[in-house]
1. Criterion first (surrounded by fewer than 16 Cβ atoms within 10 Å (Cβ to Cβ) and either more than 29 Å from residue 353 (Cα to Cα) or touching a residue at least 12 places away in the same chain (Cβ under 8 Å) (or both)) does residue 189 satisfy it?
2. Right, residue 70: in contact with a Lys or Arg (Cβ under 7 Å, 6 or more places away or on another chain) and surrounded by fewer than 24 Cβ atoms within 10 Å (Cβ to Cβ) or not?
3. Being in contact (Cβ under 8 Å) with a residue 60 or more places away in the chain and part of a loop (DSSP other than H, G, I, E, B) is the requirement here; does residue 319 meet it?
4. Which residue, of 656, 672, 695, is among the β-branched types (Val, Ile, Thr) and modelled with pLDDT under 95?
5. When residues of segment 339-353 are filtered for being in contact with a helix residue (DSSP H, G or I) (Cβ under 6 Å, 6 or more places away or on another chain) and in a strand (DSSP E or B), how many remain?
6. Condition first: over 20 Å from residue 232 (Cα atoms), small (Gly, Ala, Ser) and open to solvent by less than 10 Å² (accessible area, probe 1.4 Å). Now tell me which residues in segment 31-66 satisfy that.
7. State yes or no: is residue 296 in a helix (DSSP H, G or I) and in contact with a helix residue (DSSP H, G or I) (Cβ under 7 Å, 6 or more places away or on another chain)?
8. In this structure, is residue 708 in contact with a strand residue (DSSP E or B) (Cβ under 8 Å, 6 or more places away or on another chain) and open to solvent by 20 Å² or more (accessible area, probe 1.4 Å)?
Amino acid sequence: MQAALSCATLFIALPALAALPPPPPQLELGGAPTGAPNVVVVMLDDVGFGAAGTFGGPAPTPTLEALAQEGLRYNRFHTTGICSPTRAALLTGRNSHAANVGTIINTSMGYPGYQGVLQPETATVAEVLRQHGYSTALFGKWHLVPDWEASQNGPFERWPTGQGFETFYGFLGGETDSFHPSLHEGTRQLVAPVQSADYHLSEDLAARASAWMSLQHAADPARPFFLYFAPGATHAPLQAPQAWIERFKGQFDQGWDRAREEIFARQQKLGVIPADAELSPRPASLPAWSSLSADEQKVASRLMEVYAAFLAHTDAQVGELVRTLKQLGEYDNTLFIYIVGDNGASAEGGLQGSTNYMGDVQKLSSGLEGLLARYDELGGPGSGAHYPAGWAWATNTPFQWMKQVSSHLGATRNPLVISWPQRIQDKGGLRNQFSHVNDIAPTILEAVGIEMPAVVNGVTQKPLDGVSLLYSFTPTTEERHRTQYFNVFGNRSIYHDGWLASAFHGPEPWNVTFSAPRDFDLDRWELYHLERDFSQNRDLAASETERLSALQSLFWQEAERNSVLPLHEPALGGNTGMPSRLGGRKSVRYYAGSYGLVESAVPNVRNVSHRIVARLKVEAAQAQGVVAAMGGDSAGWSLYLDEQGRPRYHYRLFDVETVVLAGEAPLPAGEVELAYEFVRTGKGLHGGGEGRLLVNGKEVARAPIERTAPAFFTIHESFDVGMDTGSPVGPYAVPARFSGGRIEHVDLLLN
């Protein structure tokens, strides 16, 4: 029998058996419209209208300035007055309440419009662009995930990767530590991502965003990209490289009253405010600089030096994005949108400023003594610094009030610069049409050449509330965004055809926590003709009663249409009507590998009697590392074994109290129960008690805990078992993984 043909022989013989079919047609990849631009959106955080040098401020912003010289400046652009709602409006093109994010995620309520849950009927511009052939990425802050979904257990529909961003590298919450950030890549939390002593988050984000653009361009140069760059700066904690801070030494010794006058003069010289604009007066409840003591002025000046450095350093990182675009040859056909703040400057540092502002907002301040003690550390690692409210007022020049007070322009008026060299011919132009953050998505869609789809992912879409700004790229006096409401925490206003009616509800934005409820009917409405009163300085309510009444009626119509009603104040805890993963449980068992859980998702052990009980298997003579931890270097607790295997409970209450319970002997080998017990005996907001550390039921240490945190330790750190992610609670290097044994489980038990 003839031997079988070899594979090589068979391969050669095949063409003789049958002719090969013609080659198939080239498979076409779906793509964006021909010539569609790249889109880069930069969103800074907590920056007042008068902070950046390009708009008269004290912090040099050469990247913003260069973009403005090649593009357009907008001096009547508005945000919602607070972060999560602004970001929802930016990405969806809808009003924030219509997008169901009418308040910051941390104060969500069960009322429609305030739930903090993005809905499928308000698809993001990222999702629309992705479906039209764009590569999409977010580097930085999200702050649009409900607390009960912000864990490794998901669900992930409201995470960036579920909202149209193919790539996400950044943080989910409202803030993070720039030196020891809590970061996610996609839906995976990174553990101890910082590997360098000179690390800074803004630099990391810019480097990764630049690398992403370069890779995308190399892989598919014909495919446009959408980059959303949201570094989280200059939200507190104010943190910048030391060399940048030193550049501003002595530049703010004149104080906020004088600095505000200087900013105002520069704004008029630059033309970013009209020549007839007026400088609104300092609120009566805000202290004059001259009333401060020499020590108070010293620390206040230093805190502003830190802030200016933070902003200047951030602008330099945005410059890295521009440099990359030019290197790739993509700059001319890139729509570059630079939004200088998601709201006005923040007064949350209090009247004196803070070394650890999350404590101050809970009435746990280290005071002037603490500020002086940490003077040289302000702005550096381990510092949760925030400047005094007076500097927020100064950097909001020329407007009244600050972040949160959306009845007034100090909260809602932010600088905007748009550059698109291939399209914008009026380079260096100034635009003074009223515009709003919900205009950005329509602007992007028109620039790309697509309409907002009526249906996205099978869901009929709500109409866009914003108006494209492309009409303003050519000099014109036309104003297309004619009506816009604002509401944050009951501070509310309505704009229509050059007029603004405002109702300040209060309290002052440096005194918002645990304030007494206030009657909305007692709020006094003011009226301003912004076309003739740029600074919102001359109240015409008494002389224009009919116009004021008409605008009030318009506000209620818009409020009803956008799910703004009922007006209410935020609740910290209590019955918010929102879901909870705890389901009322007072005891929860966690296992090794549980990490990245936000504070609200675990039992509250801050200000109540409780026990933390860990079952361990000690296999080495000196087991060590974290058993369980909550929080970070600003505040929290950690149950851990030191390098000698000795048990420790480390309790840090911001900059006002640190307590360490320490056992003298290492844990024995074998099965061990390590426990911490706290019995609250104190009364009031910060009622303390006594803590005990136990090994196999035997007390090894005890100490008084004088005060407790009434609301939270952190809004960006997490609860972890077997390690400590983010910044360290205790005196160890993160992640301080548990070793020399294993953790069977850890129970959190409320008494």
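1. For residue 189, the condition - surrounded by fewer than 16 Cβ atoms within 10 Å (Cβ to Cβ) and either more than 29 Å from residue 353 (Cα to Cα) or touching a residue at least 12 places away in the same chain (Cβ under 8 Å) (or both) - is not met.
2. So residue 70 passes the test.
3. Considered against the rule, which asks whether it is in contact (Cβ under 8 Å) with a residue 60 or more places away in the chain and part of a loop (DSSP other than H, G, I, E, B), residue 319 comes out as no.
4. Every option except 656 fails the conditions.
5. Counting residues in segment 339-353 that are in contact with a helix residue (DSSP H, G or I) (Cβ under 6 Å, 6 or more places away or on another chain) and in a strand (DSSP E or B) gives 0.
6. Hit for segment 31-66 is 56, nothing else.
7. When the stated conditions are applied, residue 296 passes them.
8. So residue 708 fails the test.
The values are calculated or read from the model by the stated rules, or taken from the named source; none is laboratory data. Not measured: the values here are computed from a predicted model. All Cβ positions, glycine included, derive from the backbone under ideal geometry; neighbour counts span all protein chains shown. Quick note on the areas: whole protein, heavy atoms, side chains included, nothing else; ligands and nucleic acids left out. Shrake-Rupley method; radii C 1.70, N 1.55, O 1.52, S 1.80 Å.
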